[in-house]
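Accompanying notes for the structure given below.
The values are calculated or read from the model by the stated rules, or taken from the named source; none is laboratory data. From a predicted model like this one, the values you see are computed outputs, not experimental measurements. A quick note on method: Cβ atoms are made from the backbone with ideal geometry, for glycine too, and the neighbour counts reach across all protein chains shown. Calculation scope for accessible area: heavy atoms of the full protein, side chains included, ligands and nucleic acids excluded. Shrake-Rupley method; radii C 1.70, N 1.55, O 1.52, S 1.80 Å.
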Amino acid sequence: MQQLHRNLQLLCIAPLLLVQSAESLNLRCPGPGVCLTLSPDATPMNMTRWMSYLDDGTCLTTISIPGTHDTMAFQRVKTFADHFANTQSGNLRQQLDAGVRFLDIRARHYRNTFEMHHGAVYLDHNFTSVVHTLDGFLSGLGKDEVIIMRLKDENYLPKHNKRTFAETLESYVLEHPDTSEILQRILYIPPQDQASYKFPRVGPETRGKIVMIQDYSTEGATRKFGTNFKDSIRIKMQDFYIVTTTADIVKKKWNKIVQFWVNNIPEQRRRIETGDDCQDLPLLVNFLSAGSFLQTPRMVALNHKRGINNRVQHLLRNKWQTVWDTAFTSFQWGIPGLKGPTTGIVVWDFINTKAARLVVSFNFRGNPKFDWKEVGYSNLGDPWRYQPWN
């Protein structure tokens, strides 16, 4: 198996060194071997409501989902520290409208409230504003969507608190005048007597709701709102983030991203093929983000030659299907619960609409109703440009 992993990694990485011209690619194909047969009236997917096209009963663990790292860090760069805190181009509503369904919400516990922070940097928003934005989306165009939200205690200088982080969250849910009614309506509450947490399926009980992942101490908690982010049985995650040179972007972070898929996706498919309940599968979460004092998140994501965003797009757009079909010929379209080779959750810095559409396209390949020609970029050398949100 180790040899297979090494061989597959070579298959993944070697093609990325090749630069293909856009003219040589069929731009109606998400990747070689998966060209779509389009009906005459095929249209681009409406990213604001892409989950409405998923069947009820679909497991969250088998869907390809675009996400954002440090979701609220989209503030205008004002200070030197902001260069290291800024991780997104679009605000929260723009991200949701572009198709993002995994949110990384980080809170500083201050005066019994949650302030949005990236480390020491205050992001000009609080938890109440996040809740209201989510409600505006889920009560409107996103009424059939499911949002997975990691709530993280950023643990930056908690001050003047008379209760624990978990107790403050319960206050937001149960009694806060600006959020309690909303959260009781849009927050999915798992069965409290469930011996072992299972990620719910897409369906009436989750559409228009937030499925929470808890990344904070549960001291003082009286109820459970989701699984623990560090539960290695329920969540398989890659979040290596320290890169100090441009060479590290490829040698360290890029290899971690590819190896995570190599190590986990075959096992995910085998378990489905052998009849495992998809709710017993782990959620796969692959963070593309990285940085350090010498490399800002923007440098890592958007570097023209070495940037992670271009490399991941090139793999997903041009090479993914060839690699997986070559190495795992039995893992094709007939596997229950998978309409295509799932990527799991792909967590981006500086996501844009094309990148989100590229990830989402994995859920609908083979469906002639949707035109996926505008997904990702075709060349490894293409510059990462900001794209208007839909």
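Annotations
- Candidate lysines - alpha carbon under 24 Å from Lys152, same-chain residues fewer than 8 apart omitted: Lys162, Lys198, Lys209, Lys224, Lys230, Lys236, Lys253, Lys256
- Accessible solvent surface per residue of the stretch 93-145, calculated while the other protein chains remain in place, 1.4 angstrom probe, Å²: 31 Å²
- For the stretch 133-176, the residue among His176, Ile147, Leu134 whose Cα projects farthest onto the positive side of the dipole built from Cβ charges is His176.
- Each Cα pair under 8 Å and six or more residues apart adds its separation to the average, and for the stretch 170-325 the resulting relative contact order is 19 percent.
- Rolling a 1.4 angstrom probe over the protein heavy atoms with all chains in place gives the stretch 195-263 an accessible area of 45 Å² per residue.
- Whether the stretch 191-276 is rounded, prolate or oblate, judged on the alpha carbon gyration tensor where a/c under 1.5 counts as rounded: oblate
- With every protein chain in place, the stretch 67-126: carbon and sulfur % of accessible area (1.4 Å): 49 percent
- Cβ-derived FRET efficiency at R0 41 Å, Ala247 paired with Glu175, nearest 0.05: 0.20
- Average Cα contact separation per residue, the stretch 177-230, under 8 Å, 6 or more apart, as relative contact order %: 39 percent
- Computed from the C-beta positions of Phe240 and Asn112 and an R0 of 51 Å, the FRET efficiency is 0.90 to the nearest 0.05.
- Note on the stretch 183-309: with neighbouring protein chains present and a 1.4 Å probe, carbon and sulfur make up 52 percent of its accessible heavy-atom surface.
- For Lys198, solvent-accessible area (1.4 Å; no DNA, RNA or ligand), Å²: 70 Å²
- Computed from the C-beta positions of Leu157 and Asp41 and an R0 of 51 Å, the FRET efficiency is 0.35 to the nearest 0.05.
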